[in-house]
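This report concerns only the one structure given below.
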Amino acid sequence: MTSAVSPKTLSAAETHRYSRHLLLPEIGVPGQLKLKAAKVLVVGCGGLGCPVLQYLAAAGVGTLGLLDFDTVDESNLQRQVLYATADVGRPKALAAAARLGAQNPFINLVPHQFALTTANALSLLAGYDLVVDCSDNFATRYLVNDACVVLGKPLVYGAIFKFDGQVSVFNYQNGPTYRCLYPEPPAPGEAPSCAEIGVLGVLPGLVGTLQATEVLKLLTGIGEVLSGRLLVIDALGMRFQTLRFRAVPAEQQRTTLEADYAAFCGEALPTAPPAPEISAAELRAWQDSGRPLQLLDVREPHEHAQRHIGGRLVPLGQLAGALAELPADVPTVVHCASGVRSQRAARLLLEQGFREVYSLRNGLADC
């Protein structure tokens, strides 16, 4: 989608559309033209990416890159507000671009339907002025940070966890980076995804809106950006806290990319071949047949108390320590709420020599 007029001018229609910005002395026509000329890459079109993209598009950021290789799932609709039920199964980058194009026809939208890797990060990010990290995994966060450092691009960061959020600005005028705040990734399993533990639906909207605010300040040159400061949000207590942090010495900063970010972050497990799956209907038929079966529930006790389908409760975090108590020669079906934790558990059992293991596809959602 191509803007109809020069990035150095505002058409009459744009002047009317952005009139509330133009009334602000801090922005005015010069600031709006800066927004129109800007190129911003949003990494991830999920919970955080949706509000970021909506507000940047509405504000008139001239070129928005939408990076996401995933498709819309029905479980996304609880928080990813760019999408509707009819979008389920569509590529997120394309569905988001279509919605944003209808929202503002005066901007350029560039979908990128692939995963960010060490091989493509530098060439992709080089075409943008600023990057917004709306990803949901540590490997991507470190990769985005390192690529921005190498290229000298400012990075607006956001993250969510259940009811809590974080926002900061990295690599702004040679300021602190993500690695200054988090030199090392957490150990595998210490920070599970929202697919495993859930997230309050409005939280990504709150955090993403704050990220978009930082982007607009950076592009227009107004206000004090969150460089060297981490904004911590507690949605349950509705408390906001700002923590200051410093840049590490320049000689300790990375000047190249890691060879393998998944290995660096201990996130190689999700890329391993998936464990065999079984449907809810196949599980019922198996149970009705009377054939031997070991059913494991790897959810937490409070989830099991709300609803269960029988079997033995062994929370995922305790599974490694309970292996000796489980018969390895009996066919095993592992289940959780959605099929994410059960896949991890099933792979662990297979790695430990369990003979026949299945993950219940989609978890209790289909039961």
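For beta carbons closer than 8 Å, sequence separation of 6+ or different chains, a first residue in the stretch 67-93 that is under 15 Å from Leu203 (Cα atoms) and without any contact (Cβ under 8 Å) to a residue 12 or more places away in the chain and a second that is hydroxyl-bearing (Ser, Thr, Tyr) and not in a helix (DSSP H, G or I), the qualifying pairs are Leu77/Tyr83.
Note on the stretch 292-308: residues that are open to solvent by less than 70 Å² (accessible area, probe 1.4 Å) and in contact with a strand residue (DSSP E or B) (Cβ under 7 Å, 6 or more places away or on another chain) total 7.
Of Thr220, Thr209, Thr177, which residue is among the hydroxyl-bearing types (Ser, Thr, Tyr), under 21 Å from Leu41 (Cβ atoms) and in contact with a Leu (Cβ under 7 Å, 6 or more places away or on another chain)?
Answer to the check: Thr220.
The set of residues in the stretch 23-46 being under 22 Å from Leu124 (Cβ atoms) and of a type outside the set (D, E, K, R) consists of Leu35, Ala37, Ala38, Val40, Leu41, Val42, Val43, Gly44, Cys45, Gly46. Once the stretch 28-58 is narrowed to residues that are of a type in the set (Gly, Ala, Ser) and in a helix (DSSP H, G or I), the residue that is farthest from the chain's Cα centre (by Cα) is Gly28. Would you check if Val61 is in contact with a Leu (Cβ under 7 Å, 6 or more places away or on another chain) and over 23 Å from Val156 (Cβ atoms)? No: the conditions fail for Val61. With respect to the stated conditions, Ile278 fails to be over 19 Å from Cys148 (Cβ atoms), of a type outside the set (Asp, Glu), touching a strand residue (DSSP E or B) at 6+ places or on another chain (Cβ under 7 Å) and free of Cβ contacts under 8 Å to residues at least 40 places away in the same chain.
The values are calculated or read from the model by the stated rules, or taken from the named source; none is laboratory data. If you're wondering where the values come from, they're calculated on a predicted model, not measured in any experiment. Positions of Cβ are generated from backbone atoms using ideal geometry, with glycine treated the same way; all protein chains shown enter the neighbour counts. Side chains are part of the model used for accessible areas, which takes the heavy atoms of the whole protein and leaves out ligands, DNA and RNA. Shrake-Rupley method; radii C 1.70, N 1.55, O 1.52, S 1.80 Å.
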